[in-house]
Amino acid sequence: MGILEVKNVGKRFGGLQALSDVNLSVRENSVHAIIGPNGAGKSTLLNCLVGKLIPDSGSVMFDGQSVLGRAPYEINQMGISRVFQTPEIFGDLSVLENMMIPCLAKRDGSFELNAIANVMGQRDIIEKAERMLEEMNMADKRHMNAASLSRGDKRRLEIGMCLSQEPRLLLLDEPTAGMARADTNNTIDLLKQISDQRSITIAIIEHDMHVVFSLANRITVLAQGTPLVEDDPENIRGNPKVREAYLGESA
Amino acid sequence: MFGLDKKDTSLLMIVAVLTLFAPFILNPFPTGSGLAQFNAGYPDLMQRFVIFGIFAIGFNILFGLTGYLSFGHAAFLGVGSYSAVWMFKLLSMNVLPAILLSVIISGLFALVIGFISLRRSGIYFSILTLAFAQMSFSLAYSVLTPITNGETGLQLTLDDPRVLGVTATADGSIPVTNLFGLEMRGTYEMAVGPWAFQFNIGYYLCALVLIAAFYLAIRIFRSPFGMMLRAVKSNQQRMNYTGLNSKPYTLAAFVISGMYAGLAGGLMASMDPLAGAERMQWTASGEVVLMTILGGAGTLIGPVLGAGFIKYFENIFSKINDNVLHGWFSFMPDGLEDFVVFIVHPFIGKGWHLTLGILFMLVVIYLPGGLVEGGQRIAGWIKGNKQSDAQQSETKPAE
């Protein structure tokens, strides 16, 4: 029984059957990659997991609880954090403030009317945020405006913000899309380090096979809205069906 | 001091000094001198400065922090005024219960309007608030006449019950608003040489409320709640995926700023106990938007400056007429004098809106951070700092 169990999920947009009969089981503490050609339904599936979309049929269980019908913030509070394809951070705020917000969300919940206390007097929050910035190697940038960070730093900050919530499942949507090779390798190292040092499950949607095979210990291949196969990386590499559907495309 | 850091304490001190010494600061010219008409140190106008300052401070909590632009905030001002006048009619002429009721009623009103309007964001939110305010205006103007007294406006009469006070004074006139016996209209005049300074009790009540309101705004800006409001403005998507429900945050900001508007409305009625529907009209809502942007949205002191600036123009420039101009330019040859007066004429008197409009355009184009940015640039030049430093500190005003 995995930490995330997707059963018979289907989703239709007008005449397009984006997902049909998707079954997926993400094991606890694994790095699970979901790959597939363009239009395979990867992003639709991800949006069904985080509450942005509600599937037409099927069930999505996280740690034994259904996530269906819950708002994104509720699902996040259950322990699923999401990293976006283009980094979504608070551009108008400083790097430190960016890191403090998820810490506050973790401590105070989804809404807290704390309008009198000084936010810079919240020692526990500041310490936690500083520690996480340290871990992300961004401590020297703490007073910078987040919008002025480089693309790679924005990605690090976003991952750090997600981690400071201590999620049980981290979802990444093509985290290296549009990155230079060096930045891509840095991100791979960072994610490896995260999965080695923390008890965290990572599910990653990725196009870049280099990233997938360096990180994943379980892979699901989606094609035309249905999982083609779910297996270990070695078996995926040699699977002729996968080659035909996806790898053949780039070969 | 008071749980504020050094910078904020000095900001609070500046506001306190400006408001408490306003009767001196706004009366720099001796009475009877040619420039005396630029004096603004009379009670009526000073009250308006601080009341609209409070209104703008509250508006800025919503617009400056969350970026939600309400075009209907005058509705809360109007509701506050009506509540206060009703309190004067039914309970007593003491301003305290009247102001309390204004804040509570406008808060409840804001809760309802905010709950519905905040289902949308951006331009749709603005239009919804505008629609609500115009509906309130129309209701107050006609349908709700029993409560609002329609186009005449709600006034005190000699047969109001006033259960805790008197219906009429001994000499048969309507009693005046007071705070535990201190009459709001009470004014002490101090003559220093050719100057005449006026200290009005009502003004000082408003000034103290403004200082308290400003202090509360600083605390809100610096609180975890304030940080969340800035997060709403910055990236709602990230907020929702960080386990935060942005809706109650924006609604709370909306209600708080509605209560500030109600407080301003209550004070307005306490200074002059009548309330008319025109206080809720969309031009009044637009005015507070102008004040906030002109002063500097998202900055602490900006809205106060903007409110003072606009009210000064409204009351001083509108009083300059052609006769005054002829007086000024009488040193010129006749033909030239007439010509200059002809050129300046559209910008003064009833044309003061034109002057204000031009100034507003200049500020928005050249000083997007409002008067506060202007002040920072001047301070930057004086210190010999680079302009970029001033801009950097300006982009993070709430830090």
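The values are calculated or read from the model by the stated rules, or taken from the named source; none is laboratory data. Everything quoted here is computed from the prediction, not taken from an experiment. Positions of Cβ are backbone-derived with ideal geometry, glycine not excepted, and every protein chain shown enters the neighbour counts. Surface accessibility is based on the protein's heavy atoms, side chains included, excluding ligands, DNA and RNA. Shrake-Rupley method; radii C 1.70, N 1.55, O 1.52, S 1.80 Å.
Working only within the range A:93-112, note down all residues that are under 13 Å from B:R238 (Cα atoms), outside any loop (DSSP other than H, G, I, E, B) and either within 7 Å of chain B (Cβ to nearest Cβ) or in contact with a Phe, Trp or Tyr (Cβ under 6 Å, 6 or more places away or on another chain) (or both).
Within the range A:93-112, A:N98, A:I101, A:P102, A:A105 meet the criteria.
Please state which of the following conditions A:V242 fails to meet, knowing it meets all the rest: (1) surrounded by 19 or more Cβ atoms within 10 Å (Cβ to Cβ); (2) more than 21 Å from A:L24 (Cα to Cα); (3) without any contact (Cβ under 8 Å) to a residue 24 or more places away in the chain.
Tallying (1) surrounded by 19 or more Cβ atoms within 10 Å (Cβ to Cβ); (2) more than 21 Å from A:L24 (Cα to Cα); (3) without any contact (Cβ under 8 Å) to a residue 24 or more places away in the chain, A:V242 fails exactly one: (2).
Quick one: is B:F137 closer than 29 Å to A:L93 by Cβ and open to solvent by less than 60 Å² (accessible area, probe 1.4 Å)?
Judged against the criteria, B:F137 is not a match.
In the range A:63-72, which residues are within 14 Å of another protein chain (Cβ to nearest Cβ) and within 13 Å of A:L4 (Cβ to Cβ)?
Result: A:V67, single match.
Given the range B:136-235, what helices (runs of 4 or more DSSP H) lie entirely inside it while holding 2 or more residues that are in contact (Cβ under 8 Å) with a residue 24 or more places away in the chain and within 14 Å of another protein chain (Cβ to nearest Cβ)?
B:201-222, B:224-234
Output the number of the condition that A:V26 fails; it satisfies all remaining conditions of (1) touching a residue at least 40 places away in the same chain (Cβ under 8 Å); (2) surrounded by fewer than 20 Cβ atoms within 10 Å (Cβ to Cβ); (3) under 24 Å from A:H207 (Cα atoms).
Of (1) touching a residue at least 40 places away in the same chain (Cβ under 8 Å); (2) surrounded by fewer than 20 Cβ atoms within 10 Å (Cβ to Cβ); (3) under 24 Å from A:H207 (Cα atoms), only one is false for A:V26: (2).
Could you list, in sequence order, all residues of the range B:6-43 that are among the charged types (D, E, K, R) and either modelled with pLDDT of 95 or more or surrounded by fewer than 15 Cβ atoms within 10 Å (Cβ to Cβ) (or both)?
B:K6, B:K7
Restricting the search to the range B:216-236, which residues are of a type in the set (A, V, I, L, M) and open to solvent by 10 Å² or more (accessible area, probe 1.4 Å)?
Hit for the range B:216-236 is B:L216, nothing else.
From the set of residues in the range A:230-251 that are aliphatic (A, V, I, L, M) and part of a helix (DSSP H, G or I), which is modelled with the lowest pLDDT?
Within the range A:230-251, the match that is modelled with the lowest pLDDT is A:L247.
If I filter the range A:73-92 down to residues being more than 7 Å from chain B (Cβ to nearest Cβ) and more than 23 Å from A:A146 (Cα to Cα), which single residue comes out as surrounded by the fewest Cβ atoms within 10 Å (Cβ to Cβ)?
By that ranking, first place goes to A:E74.
Which pairs turn up if I take residues in the range B:251-265 that are more than 19 Å from B:L208 (Cα to Cα) and look for partners that are hydroxyl-bearing (S, T, Y) and not in a helix (DSSP H, G or I) with beta carbon separation below 8 Å, at least 6 apart in sequence or on another chain?
B:A253/B:Y68; B:F254/B:Y68; B:F254/B:S70
Just to be sure I understand, how many residues within the range A:41-92 are over 14 Å from the mean Cα position of the chain (by Cα) and either part of a strand (DSSP E or B) or of a type in the set (D, E) (or both)?
Matching residues across the range A:41-92 total 12.
Quick one: in the range B:253-280, of everything that is open to solvent by 20 Å² or more (accessible area, probe 1.4 Å) and assigned to a helix (DSSP H, G or I), which residue is farthest from the other protein chains (Cβ to nearest Cβ)?
B:E278
Out of all the residues in the range A:6-17, which are surrounded by fewer than 17 Cβ atoms within 10 Å (Cβ to Cβ) and within 20 Å of A:Q65 (Cα to Cα)?
A:K7, A:N8
Of (1) open to solvent by 40 Å² or more (accessible area, probe 1.4 Å); (2) at pLDDT below 95; (3) under 19 Å from B:G302 (Cβ atoms), B:L69 satisfies all except one. Which?
All conditions pass for B:L69, except number (2).
Picking from B:G327, B:G306, B:G335, B:G298, which residue would you name as being part of a helix (DSSP H, G or I) and modelled with pLDDT of 90 or more?
Just one listed residue meets the conditions, B:G306.
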